[in-house]
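Structure record follows, encoded as structure tokens.
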Amino acid sequence: MKMGVVKESSDELNTADAVSASETAPRKRRTAGDYLALTISTCGVGYFPIAPGTMGSLVGVALYLTLWAGSSRLLEANALTNRLTLLHMSTPQMAFMLVVIFLVTMAGIWAATRTEKLQQKKDPSIVVIDEVAGQMIGLLSGPFWLHTAWSIVTAFLLFRAFDIWKPYPIRKLEGLESGLGIMADDLAAGAYALIVNSVLISAYLLLFPLSG
């Protein structure tokens, strides 16, 4: 009889699934690559004892806002020098954020796959790079159009809600192989949060045009 490896989760409302131990690698001495994978996949908060997924989302918020603020300063300085319009600023800034999210996702797939093998668990709870990437997608809707914090808060809350609830097809995406499955469901949750938050922001701007 084959031993099962428990599928863990970070802040999810789902039962543990067992996978065959033959799908994971046997324990061995860790290499520099293993430690790099653990560093990327845990983002410094994966071992947090309470709600590591929520902590990962907060890392995603902090990373996103830091990069957004930094790129805004650079583009604004360039805009003043070259007399550029808002379009010249917003388009490259959005492209920059999308490239960052893509790179985080690709690194996350690799790191999560390797961490899963190291931990011998399906989707180990210490992996939170998926929450970081998903949260950053959700934030694509928000802080640039409003000079208020509520759009950031709603993006965070919506992402956590969709990540825990996992409406179709998010839960189906968990079945994808290794790191791809770990990342894909959170990316989809981020897309849900992006859509809903964009609708909320649009409604706010239409109803209160002088407040935006």
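The values are calculated or read from the model by the stated rules, or taken from the named source; none is laboratory data. Remember, predicted model here, so these are calculated numbers, not experimental data. FYI the Cβ positions are ideal-geometry reconstructions off the backbone, even for glycines, and counts take in every protein chain you see. What goes into the accessible areas is simple: the full protein's heavy atoms, side chains included, and nothing from ligands, DNA or RNA. Shrake-Rupley method; radii C 1.70, N 1.55, O 1.52, S 1.80 Å.
Full-extension gain between Asp34 and His88, please, as 0.36 nm times their residue separation minus the C-alpha to C-alpha distance.
Separation in residues times 0.36 nm, less the Cα-Cα distance, equals 15.3 nm.
Hey, if we sort Tyr35, Tyr204, Tyr64 by accessible area with the 1.4 Å probe, largest down, what's the order?
Tyr35, Tyr204, Tyr64
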- [ ] Could you calculate the contour length gain from Val199 to Leu157, that is, 0.36 nm times the residue separation minus the distance between their Cα atoms, to one decimal place in nm?
- [x] 13.6 nm
Open item on the list: Is there a quick way to get the dipole size of the range 83-192? I mean about its Cα centre, with the Cβ of Lys and Arg at +1 and of Asp and Glu at -1; what is the value in debye to the nearest 20?
Closed with: 80 debye
- [ ] Could you check the simple spin-label distance between Ile164 and Leu67, using points 7 Å along Cα→Cβ, in nm with one decimal?
- [x] 2.6 nm
TODO: Any chance you could list the semi-axes, whole Å, largest first, of the equivalent ellipsoid that the Cα gyration tensor gives for the range 73-126, using √(5λ)?
DONE: 40, 8, 7
Task: Per-residue ³J(HN,Hα) for the range 170-179, Karplus 6.51 cos²θ - 1.76 cosθ + 1.60, θ = phi - 60°, Hz, x for Gly and Pro - done: 4, 5, 5, 5, 4, x, 5, 5, 6, x
Task: Cα-based Rg and Dmax for the range 48-104, where Dmax is the largest Cα-Cα distance (Å) - done: 14.8, 50
Task: Gained length - Leu80 relative to Ile50, 0.36 nm times residue gap less alpha-carbon distance - done: 6.2 nm
- [ ] Report the Stokes-Einstein translational diffusion coefficient (µm² s⁻¹, integer) for the range 110-206, Rh taken as the Kirkwood radius over Cα pairs, at 37 °C with viscosity 0.692 mPa s.
- [x] 238 µm²/s
